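Peer 1: After the structure tokens below, expect a handful of questions from me.
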Amino acid sequence: MKRIMTAACIVLAGVICSCNDSRTLSRDRRQEPDPLMQNEGRIRQIISKMTMEEKVEMLHGKTMFTSQGVPSQGIADVAYADGPFGIREELEPHSWNPIHLSTDSATFFPTGSALAATWDRESARKYGHGMAVEARLRGKDMILGPAINIQRIPTGGRTYEYLSEDPFLSGELALNYTVGVQSSGVAVCVKHFALNNQETNRGNVNVIVSPRAMREIYLPPFEKAIVQGNAYGVMSAYNKINGYWCSENDLLLTQILRDDWGFNGMVISDWGGTHSTVAAVNAGLNVEMPNGDFLGKALLDSVKSGAVSEKVIDRRVAEILRVRLAIEPVPEDKANKEMTSKPEQQEIAYQVAKQSIVLLKNEGNILPFNLDKVKRIAVIGDNADKIMATGGVGAGVKALVEITPLQGLKARVGDKAEIVYAQGYSSQQARGGFGGFGGFGGFGRRQQPAANAAKQKDPAKELLDEAVKAAKDADIVLFIGGDNRAHETEGSDRRDMMLPFGQENVLEAVAAVNPNVVFIAVAGAPVDLNRVQACSPAIIQSWFNGTGGGKALAEMLVGDFSPSGRLPFSYPIRLEDSPAYAMGNFPQTDAPISEDIFVGLVKEKSAQELMNGSTNRGTAVYSEDLLVGYRWFDTKNKPVMYPFGYGLSYSTFDYSNLKLSKDTYSDGEEIEVNFTVTNSGSMNALDVPQLYVHRVDAQVEWPYKELKGFDKVSLAPGESRTICIAVPVEDLKYWDEDRHDWVLEPGKIEIMLAHDAGDIASTATCNVK
């Protein structure tokens, strides 16, 4: 078991804080001993007794979610658990059809963006532990998660599943999720490696990205989970990078993953994401899932012909056996014998949900509302009573329990107030999205009304009228809208950020008769809130928030606890303001791509090499380079609706006494940042102080600022604490594309202590050399 790495320590105010050495590990340092390397002698013996046919059988799927062990030597198969926010129900061996067990109902954990909104390392560790406990009950060896691709576009179909637009936040949470899982006897499989940042044409899109952006923005979450967390598994992505499929990409799977990061585990393909035999196995792919189209008979033939050496096969088999022997298999007669979801895991999911809720707006302190005064509550919206554990395409959870917002409110309010529910609008419509991959294609455009609709009853108007009636005499209106799991889904990206199903029309009609409207966005990604802003004094982002999400939301609304969630992404005013859209590189079209763009991003390859047969429509040029998320908005001085890291509280917090331990730091040292946080409000609450770094008079091109540290601290009213956050100088390096190495630019840096990316409370400067 590896100790949890943290970048912060907390002590009581007035005590000198000394940052300890449990800091971020440098990029060339791994923790020892590596559990994966403890059985090398036994692995050599096992391989020496295997036939080539047995070896190849290990290199592809046996069933939809297993791959073969070594039956002749008593080595169990590897069983995979589809995730990453709950253990998927059991399926038929060779199809996506469930087998309807009575014991495979699992806990629905809040999805990735909700976990990231906690900004809490301990929550991520507990989340991973809870997932692992349920995986073991189901006889699983490896969880297909966490999903840690960077949220590059606000409309991404899997934004809800991924963590953040920021590599540091994503990395810290991915690391702790990994430690939580693997310290509990199950392997992780971090995915999707790498740059699977869109669902549109994900099965064939060719990502053109600069080496620096790849290393500094898109790979750090994987690097942290692997180097510091010793992740046992990696899933290769569907897409190409600079002309080469991820599942056969030597730069990714060998040079970076194994040579640079020292990865000793196994790489499995995404399902149907293998494209070759020789290139894939030589580059470092261990297991083709879910079948053996390329790493089955074709691989045997390639070995016989000499196209693939037996040494390569032995290496791939050894890497699988390292994971197999590090994870104790669950005896077959012990798996699926009792209900997967347990109260302990349900409590973890509930606690994560509590810390994830983000209060975006609270004019006039309308929240929390007082049940001694509020006696009639109108709850409006399709999402008030809609489950989010399933829906759309991709992994879902057969949840044993999912408390909807309406259920949570009824349980919490009880007989203290009357709750009147009106659906308001219907989500039973086809969604509009960009086309996806294979069988996961687009869902078509939204349905158009029939020509004779005016002559028929208008169900939409009836729903609207019921909502207006419910709202008119209420003391407060809780409008629970947003997206759902069919609208945000794997396989396709949303066409826009607009709130679907005509819900804004309902909201405006409700606000016209009752201005006390709280809008609650149940969504895993940003939605367009421009019309909402005009008619709602309070706005909340409450996510696809798992088994206990409705309970947590109800308790937050009445003030049982103060919200402490912070946005893990920026909320643009308009979709067109976000970088990929502003640069015109998403969605892709058939328009010609200038060769100058290729040269500017990847100097060492020609445009022809980078395209490698891809069409213009199938090529995603990351021309925004390093400027992803808040890095773009800050550097371009573009306003946002809500900045990265933003979230209100029922209390208030003041920062003071920002100090650095010295004036100049050298490579290998840490910048020790000390400051005081005071709860100046009247309620117990959690706060998330954030540290950003700005380079002063830099010669190298940088984003205006970058997140390099954060903490989460609980304070009583009037309480102060001194916080110490260590920023390793190592983490201030950039990827030098000429040297192919990490390089420190010497000079002055400004440490920014912030409430969020848009609210800098204090600054201090120092030099690095």
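Peer 1: Send over the Kirkwood Rh of segment 121-163, from the inverse of the averaged 1/r over different Cα pairs, rounded to one decimal Å.
Peer 2: Result for segment 121-163 stands at 11.9 Å.
Peer 1: For segment 504-620, max minus min Cα coordinate along each principal axis, in Å, sorted largest first?
Peer 2: Principal-axis extents of the Cα atoms in segment 504-620, largest first: 60, 32, 20 Å.
Peer 1: Can you give the accessible area per residue of segment 89-208, in Å², using a 1.4 Å probe?
Peer 2: With the other protein chains kept in place, segment 89-208 gives 18 Å² per residue.
Peer 1: I'd like to know which of Asn176, Thr404, Gly265 lies farthest towards the positive end of the charge dipole of the chain, counting +1 on Cβ of Lys and Arg and -1 on Cβ of Asp and Glu.
Peer 2: The one lying farthest along the dipole's positive direction is Thr404.
Peer 1: Per residue of segment 46-61, what does 6.51 cos²θ - 1.76 cosθ + 1.60 with θ = phi - 60° give for ³J(HN,Hα)? Whole Hz please, x for Gly and Pro, Karplus curve as stated.
Peer 2: 4, 5, 5, 9, 8, 7, 4, 4, 5, 5, 5, 4, 6, 9, 8, x
Peer 1: I'd like the accessible area for Tyr244, computed on protein heavy atoms only with a 1.4 Å probe and all protein chains in place. Round to 10 Å², please.
Peer 2: Here the accessible area works out near 110 Å².
Peer 1: For the pair Thr51/Lys638, report the inter-label distance in nm, with labels modelled 7 Å from Cα in the Cβ direction.
Peer 2: It works out to 6.0 nm between the two label points.
Peer 1: Something else now. In whole Hz and in residue order, list the ³J(HN,Hα) couplings for segment 364-372 that follow from phi through the Karplus curve 6.51 cos²θ - 1.76 cosθ + 1.60, θ = phi - 60°; x for Gly and Pro.
Peer 2: x, 6, 5, 10, x, 8, 9, 6, 6
Peer 1: How large is Rg/Rh for segment 513-571, to two decimals, with Cα atoms and a Kirkwood Rh?
Peer 2: Here the Rg-to-Rh quotient is 0.96.
Peer 1: With a 10 Å radius around each residue's Cβ, average the other Cβ atoms per peptide and rank 502-511, 735-744, highest first.
Peer 2: Top to bottom by mean Cβ count within 10 Å: 502-511, 735-744.
Peer 1: Continuing with this model, one more query. For segment 108-193, state the average projected area of the convex hull of the C-alpha atoms over all orientations, rounded to one decimal in nm².
Peer 2: Hull-based average projected area comes out at 5.2 nm².
Peer 1: Please report Rg over Rh for segment 274-328, where both radii come from the alpha carbon positions and Rh follows the Kirkwood definition.
Peer 2: 0.99
Peer 1: Let me check I've understood the local charge: for Gly584, count other residues with C-beta under 15 angstrom from its C-beta, Lys and Arg +1, Asp and Glu -1. What total comes out?
Peer 2: -2
Peer 1: If Lys337, Lys461 are ordered by their accessible area, calculated over protein heavy atoms with a 1.4 Å probe, which sequence runs from highest to lowest? Each step should come with its number before you reach the end.
Peer 2: Working: Lys337 140, Lys461 115 Å².
Largest to smallest exposure gives the sequence Lys337, Lys461.
Peer 1: Then there's this: Between segment 358-431 and segment 132-172, how far is it from one alpha carbon centroid to the other, in angstrom?
Peer 2: Each part's Cα centre sits 25 Å from the other's.
Peer 1: Rounded to a whole number of µm²/s, how large is the Stokes-Einstein D of segment 720-760 at 37 °C and 0.692 mPa s, given Rh as the Kirkwood radius over C-alpha pairs?
Peer 2: Diffusion coefficient, whole number: 252 µm²/s.
Peer 1: With no solvent and one equal point scatterer placed on each C-alpha of segment 191-288, evaluate the Debye formula and give log10 I(q)/I(0) for q = 0.17 Å⁻¹, two decimals.
Peer 2: Calculated log10 I(q)/I(0) at the listed q: -0.67.
Peer 1: Excluding Tyr646 itself, what net charge comes from residues whose Cβ is under 11 Å from its Cβ, given Lys and Arg +1 and Asp and Glu -1?
Peer 2: 0
Peer 1: Here's a follow-up. If one computes P(r) from the Cα atoms of segment 684-749, what percent of pairs lie at distances over 17 Å?
Peer 2: The proportion of pairs with Cα distances above 17 Å equals 54 percent.
Peer 1: Just to be sure I follow: if Rg is taken over the C-alpha atoms of the chain and Rh is the Kirkwood radius over the same atoms, what is Rg/Rh?
Peer 2: Here the Rg-to-Rh quotient is 0.96.
Peer 1: Right, here's the next one. From the cross-link list Lys126/Lys342; Lys224/Lys603; Lys659/Lys708; Lys748/Lys769; Lys140/Lys398; Lys354/Lys472, which pairs have alpha carbons spaced over 20 Å apart?
Peer 2: Lys224/Lys603; Lys354/Lys472
Peer 1: Using the Karplus equation 6.51 cos²θ - 1.76 cosθ + 1.60 (θ = phi - 60°), what ³J(HN,Hα) coupling, rounded to whole Hz, does each residue of segment 190-203 give in order, writing x for Gly and Pro?
Peer 2: 5, 9, 10, 8, 8, 6, 8, 9, 8, 8, 4, 6, 4, x
Peer 1: What is the distance, in nm, between label points placed 7 Å from the Cα along the Cα-to-Cβ direction at Asn370 and at Asp590?
Peer 2: 6.5
Peer 1: In the chain, what percent of the accessible surface is made up of carbon and sulfur (1.4 Å probe, ligands and nucleic acids excluded)?
Peer 2: The C+S portion of the solvent-accessible surface of the chain is 48 percent.
Peer 1: Evaluate the distance, in nm, between pseudo-label points positioned 7 Å from the Cα of Glu576 and of Glu745 along their respective Cα→Cβ axes.
Peer 2: About 3.2 nm separates the two model spin labels.
Peer 1: Using only the Cα atoms of segment 364-412, construct the convex hull and provide its projected area averaged over every direction, in square nanometres to one decimal.
Peer 2: Numbers: hull surface 20.8 nm².
If I average the Cα hull's projected area over directions, I get 5.2 nm².
Peer 1: Let me ask something additional. In whole Å, how far is the Cα centre of segment 262-327 from that of segment 54-126?
Peer 2: After rounding, the separation between the Cα centres reads 20 Å.
Peer 1: Could you tell me the calculated FRET efficiency between Ala307 and Arg495, based on Cβ-Cβ distance and R0 = 41 angstrom, to the nearest 0.05?
Peer 2: Rounded to the nearest 0.05, the efficiency is 0.40.
Peer 1: Once every DSSP H run of n ≥ 4 in the chain is given -39500 (n - 2.57) and the sum is divided by its residues, what mean residue ellipticity at 222 nm do you get, rounded to the nearest 500 deg cm²/dmol? Present the calculation step by step, with values, prior to reporting the outcome.
Peer 2: Working: 19 runs with 175 residues, N = 769.
Roughly -6500 deg cm²/dmol at 222 nm, from the helical runs in the chain.
Peer 1: Percent of alpha carbon pairs in segment 596-687 separated by more than 15 Å?
Peer 2: In whole percent, the share of Cα-Cα pairs in segment 596-687 beyond 15 Å is 78.
Peer 1: For Glu344, what charge total do you get from the other residues with a beta carbon under 12 Å from its beta carbon, if Lys and Arg give +1 and Asp and Glu give -1?
Peer 2: So the environment of Glu344 carries a net charge of 0.
Peer 1: Let me ask another. Please express the Cα-Cα pair-distance distribution P(r) of segment 639-711 as a list of whole percents, one per 10 Å bin, running from 0 to the bin with the greatest distance.
Peer 2: Result, from short to long distances: 14, 38, 33, 14, 1 percent.
Peer 1: Would you mind calculating the gained length between Asp736 and Asp293 on full extension (0.36 nm times residue separation, minus the Cα-Cα distance), in nm to one decimal?
Peer 2: Additional length available on full extension: 155.5 nm.
Peer 1: I'd like to compare 338-346, 726-734, 44-52: which one has the highest average count of other Cβ atoms within 10 Å, and what's the full order after that?
Peer 2: 726-734, 338-346, 44-52
Peer 1: What is the Cα centroid distance between segment 497-518 and segment 707-761, reported in whole angstrom?
Peer 2: The two parts, judged by their Cα centres, are 40 Å apart.
Peer 1: Highest first, please rank the peptides 628-637, 284-293 by the mean number of other Cβ atoms sitting within 10 Å of their residues.
Peer 2: In decreasing order of mean packing, 628-637, 284-293 become 284-293, 628-637.
The values are calculated or read from the model by the stated rules, or taken from the named source; none is laboratory data. What you are looking at is a predicted structure, and each value in this text was computed from that prediction instead of being measured. As a convention, Cβ positions derive from the backbone with ideal geometry for all residues, glycine included, and neighbour counts pool all protein chains shown. Ligands, DNA and RNA are excluded from the accessible area calculation, which covers all protein heavy atoms including side chains. Shrake-Rupley method; radii C 1.70, N 1.55, O 1.52, S 1.80 Å.
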